[in-house]
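The values are calculated or read from the model by the stated rules, or taken from the named source; none is laboratory data. Predicted model only: the values in this text are computed from it and were never measured. Because the Cβ atoms are built from the backbone with ideal geometry, glycine has one as well, and the counts that use them run over all protein chains shown.
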């Protein structure tokens with residue numbers, strides 16, 4: 001390979017072309033992951049942002065499913081619905097377990113119907 005096309009020169013330091021290539025690659029990664037946020041558009045999200053939001057939605061669904069299962073187990077054992085979700089004794093040490101991971105609102109529990117739901121907009125069907 002000729003000395004002109006190598007990334008390092010005779011002294012072992014980076015050439016100008018090598019530095020520019022690394023800078024361009026770095027800037028492309030920033031634009032891909034943070035593009036819409038850098039432009040100030042609050043409604044637009046990057047693919048990474050959409051994936052993170054979807055993972056929070058799946059976490060909300062999983063939390064609600066676990067609480068509903070705990071309610072069913074409580075009803076089977078006590079022949080009555082729990083008065084509150086604190087009576088369930090799920091065994092989690094996470095204080096945010098009974099909150100939506102997206103909007104951080106507390107889940108709403110109806111003791112008459114023994115039903116729990118997420119109040120966050122868009123999560124009505126969870």
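Is at least one residue of the range 70-92 under 16 Å from the mean Cα position of the chain (by Cα), surrounded by 12 or more Cβ atoms within 10 Å (Cβ to Cβ), part of a loop (DSSP other than H, G, I, E, B) and at pLDDT below 90? Scanning the range 70-92, I find no residue that is under 16 Å from the mean Cα position of the chain (by Cα), surrounded by 12 or more Cβ atoms within 10 Å (Cβ to Cβ), part of a loop (DSSP other than H, G, I, E, B) and at pLDDT below 90, so the answer is no. Do the conditions hold for residue 57, that is, is it in contact (Cβ under 8 Å) with a residue 60 or more places away in the chain and closer than 23 Å to residue 32 by Cβ? For residue 57, the condition - in contact (Cβ under 8 Å) with a residue 60 or more places away in the chain and closer than 23 Å to residue 32 by Cβ - is met. Within 30 Å of residue 33 (Cα to Cα) and under 24 Å from the mean Cα position of the chain (by Cα): does that describe residue 66? When the stated conditions are applied, residue 66 does not pass them. Within the option set 4, 41, 65, 11, being modelled with pLDDT of 90 or more and either under 30 Å from residue 85 (Cβ atoms) or out of contact with any helix residue (DSSP H, G or I) (no Cβ under 7 Å at 6 or more places or on another chain) (or both) holds for one residue only, 65.
For the range 97-126, the tally of residues that are out of contact with any helix residue (DSSP H, G or I) (no Cβ under 9 Å at 6 or more places or on another chain), modelled with pLDDT of 90 or more and either crowded, with 16+ Cβ neighbours inside 10 Å or closer than 12 Å to residue 57 by Cα (or both) stands at 1.
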